[in-house]
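Asker: Here's a structure for you.
The values are calculated or read from the model by the stated rules, or taken from the named source; none is laboratory data. Computed from a predicted model, the values in this text were never measured in an experiment. Note that we place each Cβ from the backbone using ideal geometry, even for glycine, and neighbour counts take in every protein chain shown.
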Amino acid sequence: MKSHSTTILTVRHRGVVAMGGDGQVTVANTIMKADVNKIRHLMDGRVMVGFAGATADAFALLERFETKLKDYPENVPRAATELAKEWRTDRVLRRLEAMMAVVDPRHTLLITGNGDVVQPSDGVLGIGSGGNYAVAAARALMAHANLSAIEIVRTALEIAADIDVYTNTNIIVEEMACESEAEKQ
């Protein structure tokens, strides 16, 4: 699904997972709003979700995901899988046009309406129309710059905003500590 709506980027680096997103809402080729926060905290701040796609669809999915998290509070991958199964098989949900990036201290997950629940091997995930640009920039920054996870996310999103017309530089970045010692390197 090609989303002309936003850019969300998640990076795990040096013991921190950071998630950021731009603030632009676009309807067709018109910028409707420039300062929207597309990152939500769930489970008392233990889970962050970023969304791209149609706003109403994203909020409907966010509510469903929150319900799944309540059903599986200690197992974010299971909650994500249950949402993806429901999303793929339910006739109404199947029509929703959105994607979600989900992070907790141990996992980074992409959830799509195609039934996908994917955990990137390098801890870098981008969604939305500028997602691929932001991922490429983040990977280069991780390899060649001495930056924190927040700095990588912010800089990569700024680079994506210079390329993608559906992404702006009104960027919000949130962070949380990772649990794995391996991610602190």
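Asker: How many residues does segment 39-79 contain that are touching a residue at least 40 places away in the same chain (Cβ under 8 Å) and either small (Gly, Ala, Ser) or closer than 19 Å to Val173 by Cβ (or both)?
Answerer: Selection size over segment 39-79: 13.
Asker: Let me ask something else about it. Output the strands (runs of 3 or more DSSP E) that fall wholly within segment 4-69 and possess 1 or more residues being closer than 21 Å to Ile152 by Cβ and modelled with pLDDT of 95 or more, or say none.
Answerer: 7-13, 16-21, 39-42, 47-53
Asker: Let me spell it out: the conditions are (1) farther than 21 Å from Thr26 by Cα; (2) acidic (Asp, Glu); (3) surrounded by 16 or more Cβ atoms within 10 Å (Cβ to Cβ); (4) in contact (Cβ under 8 Å) with a residue 12 or more places away in the chain, and Asp164 meets all of them except one. Which number is the exception?
Answerer: Among (1) farther than 21 Å from Thr26 by Cα; (2) acidic (Asp, Glu); (3) surrounded by 16 or more Cβ atoms within 10 Å (Cβ to Cβ); (4) in contact (Cβ under 8 Å) with a residue 12 or more places away in the chain, Asp164 violates only (1).
Asker: Among Glu82, Glu175, Glu179, Glu158, which is in contact (Cβ under 8 Å) with a residue 40 or more places away in the chain, more than 12 Å from Val11 (Cα to Cα) and acidic (Asp, Glu)?
Answerer: Only one candidate qualifies: Glu179.
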